[in-house]
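Just below is one structure, and these are the notes that go with it.
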Amino acid sequence: MGREVSESCIDSLLIEMVSTYCNRFYANKPELAARRIEAIGYQVGHQLSERYTMERPRFSDHLEAIKFICKDFWSELFKKQIDNLKTNHRGTFVLQDNRFRWLTRMSIDQSPENGASEEPSIMADEKAVESMHLYFPCGIIRGALSNLGIPCAVSADISNLPACE
C-alpha cells in the first residue's frame, strides 16, 4: 500500500518554500535561495529514487535510467509520463512535460484585453518568480539521477507555460 499526499498540499508546500526562501531567508540573494531550494529537491529526489528502485536491478546504462525517470519516476510524482524525451546521443537529454503540474496554476494570460502588463521589466519579474519554482523539481531530478549513479546538471526552460523542458 503506497502513501500519497494531496496535490494541493504539495502545491502549498512548494509555494510557501519558495516564498520563504526568496522573501525571508535570502531576500537580497536570489542565487542563494535558488541553491537552497534546489538542495532540498535534491534530497527529496535522492530518497524517492531510493524508494522506487529498491526492488529493481541496477540500470545498465544512462538511457535506461533516463527512461525510468521519464516513465516510472515521473508517473509516481505527477501521475503521468514525460511527454517527450530527446537526446543528442552524447549525454544530453531533454525531458519535456507539456502540462507540468506545478506550473499549471501559474500560466499567465498575456492578452491585452485581460489587463496583462506588456512592460518588459514586469514580465522579467514574473519569469524570475516562475523560474524559482523550478529549482525544486530540478533538484528532484538531479537527486534521483545521482542516486542512480549519474552525476549531472539539470536546468529548466519555461518559455511556454505550463510546458516545461
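The values are calculated or read from the model by the stated rules, or taken from the named source; none is laboratory data. Please read all numbers here as calculations on a predicted model, not as lab measurements. Because the Cβ atoms are built from the backbone with ideal geometry, glycine has one as well, and the counts that use them run over all protein chains shown. Ligands, DNA and RNA are excluded from the accessible area calculation, which covers all protein heavy atoms including side chains. Shrake-Rupley method; radii C 1.70, N 1.55, O 1.52, S 1.80 Å.
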Checked region 148-163 for anything in contact (Cβ under 8 Å) with a residue 24 or more places away in the chain and over 22 Å from residue 80 (Cβ atoms); matches are 149, 150
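Going by what's in this entry, would residue 146 be described as modelled with pLDDT of 90 or more, under 19 Å from the mean Cα position of the chain (by Cα) and of a type in the set (Ser, Thr, Tyr)? I'd like the intermediate steps shown before the answer.
Details: modelled with pLDDT of 90 or more: yes; under 19 Å from the mean Cα position of the chain (by Cα): yes; of a type in the set (Ser, Thr, Tyr): yes.
When the stated conditions are applied, residue 146 passes them.
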Considering only region 141-165, state which residues are part of a loop (DSSP other than H, G, I, E, B), over 18 Å from residue 91 (Cα atoms) and open to solvent by less than 70 Å² (accessible area, probe 1.4 Å). 158, 161, 162, 163
